[in-house]
Amino acid sequence: MKLLFMGVQGSGKGTQAKIMSVKLGIPHISTGDLLRGAESLLKKEIDSYITSGKLVPDELMLRVLQDRLSLNDCMRGFILDGYPRNMVQAKKLDEITSIDKVIEIVISDSEALVRAIYRVTCGKCGEGHNIKTNPPKRAGVCDKCNGILTKRADDNEPAMRKRIETYHKETEPILLHYKSVEINGEQKIDRVTRDILAVLGIKS
């Protein structure tokens, strides 16, 4: 099963992708993690863009993704998270693989703002918390690994409004390109998971 998880930043798509990866036994492929985990000459090429503040070109991103999809653990399927972000990338993706279903986790723009503004992330394991909606048991400490929770510099209202605008303008058209299903993301995490399993025809 080849799945693509979509949603505005803060929708919980990354969280659900991780959960579904375990339940379905297929890898969760985050393009952000792929870029950070690249090795050797490819890493040097990627870092040259990132350190200069430039976006990684679509062609290079596609090479990294294609290498990852060629590994044995993707033979039964995968969950893509964070790519494609626009129609150009979607058409490039079509050249190297097919997508069986797109899961869009839908939240309102106002909810996305709240989730981003109050979001903190563990610097050690990457686990996310929200000070307002999903606070850690101990302030500033990750529930999963006891790492230090920090706030991203760009998790502020102006930056988030720009990301929301970009998602509606550039990313949402992808939903018409693929077979997509909407899931209400403004529910508890386990309820969202059950809804995703239901549309995939899998008993929770």
Note down all Cβ pairs under 7 Å where the first residue falls in region 88-114 and is over 22 Å from residue 183 (Cα atoms), the second is surrounded by fewer than 19 Cβ atoms within 10 Å (Cβ to Cβ) and modelled with pLDDT of 95 or more, and they're at least six residues apart or on different chains.
-> 97/2
Subset of region 145-171, residues exposed (fewer than 15 other Cβ atoms within 10 Å of the Cβ), part of a loop (DSSP other than H, G, I, E, B), at pLDDT 90 or above and of a type outside the set (S, T, N, Q), comes to 145
Elements of type strands (runs of 3 or more DSSP E) contained in region 77-122, each with 1 or more residues being aromatic (Phe, Trp, Tyr) | 78-81
Considering residues of region 63-104 that are of a type in the set (Asp, Glu) and closer than 24 Å to residue 196 by Cβ only, the residue nearest to the chain's Cα centre (by Cα) = 81
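Looking only at residues in region 172-199 that are in a loop (DSSP other than H, G, I, E, B) and under 24 Å from residue 89 (Cβ atoms), which one is modelled with the highest pLDDT? Can you show your working first?
The first filter runs over region 172-199 and keeps only residues in a loop (DSSP other than H, G, I, E, B), leaving 172-173, 178-179, 185-188.
Imposing the further condition that a residue be under 24 Å from residue 89 (Cβ atoms) reduces the set to 172-173, 178-179, 185.
Working: 172: 93, 173: 93, 178: 91, 179: 82, 185: 96.
The extreme case among them is 185.
Is it fair to say residue 54 is closer than 29 Å to residue 151 by Cβ, at pLDDT below 85 and assigned to a loop (DSSP other than H, G, I, E, B)? Show your work before the answer.
Numbers: closer than 29 Å to residue 151 by Cβ: yes; at pLDDT below 85: yes; assigned to a loop (DSSP other than H, G, I, E, B): yes.
Answer is yes for this residue.
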Identify, by number, the condition in (1) of a type outside the set (A, V, I, L, M, F, W, C); (2) under 30 Å from residue 110 (Cβ atoms); (3) part of a helix (DSSP H, G or I) that residue 49 doesn't meet.
-> (2)
Considering region 182-204, residues that are of a type in the set (A, V, I, L, M, F, W, C) and surrounded by 15 or more Cβ atoms within 10 Å (Cβ to Cβ), and then whichever is nearest to residue 118 (Cα to Cα), we arrive at 192
What's the number of the condition residue 10 fails, among (1) small (Gly, Ala, Ser); (2) at pLDDT below 90; (3) over 27 Å from residue 130 (Cα atoms)?
-> (3)
Please give the number of the condition residue 32 fails out of (1) among the small types (Gly, Ala, Ser); (2) farther than 25 Å from residue 192 by Cβ; (3) surrounded by fewer than 13 Cβ atoms within 10 Å (Cβ to Cβ); (4) at pLDDT below 90.
-> (2)
Please work out which one of (1) in contact (Cβ under 8 Å) with a residue 24 or more places away in the chain; (2) surrounded by fewer than 16 Cβ atoms within 10 Å (Cβ to Cβ); (3) over 30 Å from residue 63 (Cα atoms); (4) not polar (S, T, N, Q) is the condition residue 177 fails and give its number.
-> (3)
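Here is a yes/no grid of residues against (1) modelled with pLDDT of 80 or more; (2) surrounded by 13 or more Cβ atoms within 10 Å (Cβ to Cβ):
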| residue | (1), (2) |
| --- | --- |
| 2 | yes, yes |
| 24 | yes, yes |
| 42 | no, yes |
| 66 | yes, yes |
| 70 | yes, no |
| 86 | yes, yes |
| 89 | yes, yes |
| 92 | yes, yes |
Residue pairs meeting the criteria (Cβ under 7 Å; at least 6 apart or on separate chains; first more than 12 Å from residue 196 (Cα to Cα), in region 8-23; second among the aromatic types (Phe, Trp, Tyr) and part of a helix (DSSP H, G or I)) = 8/167
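The values are calculated or read from the model by the stated rules, or taken from the named source; none is laboratory data. Bear in mind the structure is a predicted one, so any value in this text is a computation, not a measurement. Don't worry about glycine lacking a Cβ; one is built from the backbone with ideal geometry, like all the others, and counts go over all protein chains shown.
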